[in-house]
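Please read the structure below before turning to the comments.
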Amino acid sequence: MVAAVTTYFACRKLLNFTRLTTSTDETDALRLAANWDLLAACLRSGMPVVTAIRAVAPALPVDAGRALGKTAELMSLGADPADAWAPAQAHPVTAALARGARRTARSGAALAEVADSLATTVRASAADLAQARAQRAGVHVTGPLGLCFLPAFLCLGVVPVVIGLASQMLSHWQ
């Protein structure tokens, strides 16, 4: 009886601990990837960089959107690319884009390729995170299963063998 109650509470605690819900980090990562895709599409359509940034900035998280908005303002005022991308470089969400934009300003490569690459990278890391969570869920599922099958295995498999061996050994000693 005590074992059953203990098992019930252990399983309940384990199930509450490992709720399988979509995390906000994963959702935000996929939204961020979609925003980088949107930026790449805007740039490929021939939209100026400043206009494309202004189109994408409101869809980003608030602080990242402000940083990109400030970058667009500085670029529209004619600031040097290194100075214009400094606000975006300071924010962790837009830092990779800012590094890529600074690189494209020096080399002349397309910023759309950088945005595409960022979207691919963000999606890959979100997929890795989802796969790790799925593997963790598989491990957590086997815990309650083991708690249920181990007593049955002991009662139906090990105990009869031990009792049988013990009775044979005791009969030989008497």
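The values are calculated or read from the model by the stated rules, or taken from the named source; none is laboratory data. Since the model is a prediction, treat every value here as computed from it, not as a measurement. Methodologically, a virtual Cβ is constructed for each residue, glycine included, from the backbone with ideal geometry; neighbour enumeration extends over all protein chains shown.
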Within region 65-122, helices (runs of 4 or more DSSP H) holding 2 or more residues that are surrounded by fewer than 17 Cβ atoms within 10 Å (Cβ to Cβ), out of contact with any Phe, Trp or Tyr (no Cβ under 9 Å at 6 or more places or on another chain) and without any contact (Cβ under 8 Å) to a residue 40 or more places away in the chain: 81-84, 95-107
When you go through (1) more than 19 Å from LEU43 (Cβ to Cβ); (2) part of a loop (DSSP other than H, G, I, E, B) one by one for ALA134, which number turns out not to apply? (2)
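Conditions tested, residue by residue: (1) more than 14 Å from the chain's Cα centre (by Cα); (2) more than 30 Å from PRO61 (Cβ to Cβ).
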position	(1), (2)
HIS91	yes, no
ARG99	yes, no
ARG102	yes, no
ALA127	no, no
ARG133	no, no
LEU154	yes, yes
VAL161	yes, yes
Is it the case that some residue within region 26-43 is modelled with pLDDT under 65, closer than 21 Å to HIS140 by Cα and either touching a His at 6+ places or on another chain (Cβ under 8 Å) or not small (Gly, Ala, Ser) (or both)? yes
For region 44-62, check the following and say yes or no: at least one residue is among the hydroxyl-bearing types (Ser, Thr, Tyr), part of a helix (DSSP H, G or I), surrounded by fewer than 19 Cβ atoms within 10 Å (Cβ to Cβ) and modelled with pLDDT under 95. yes
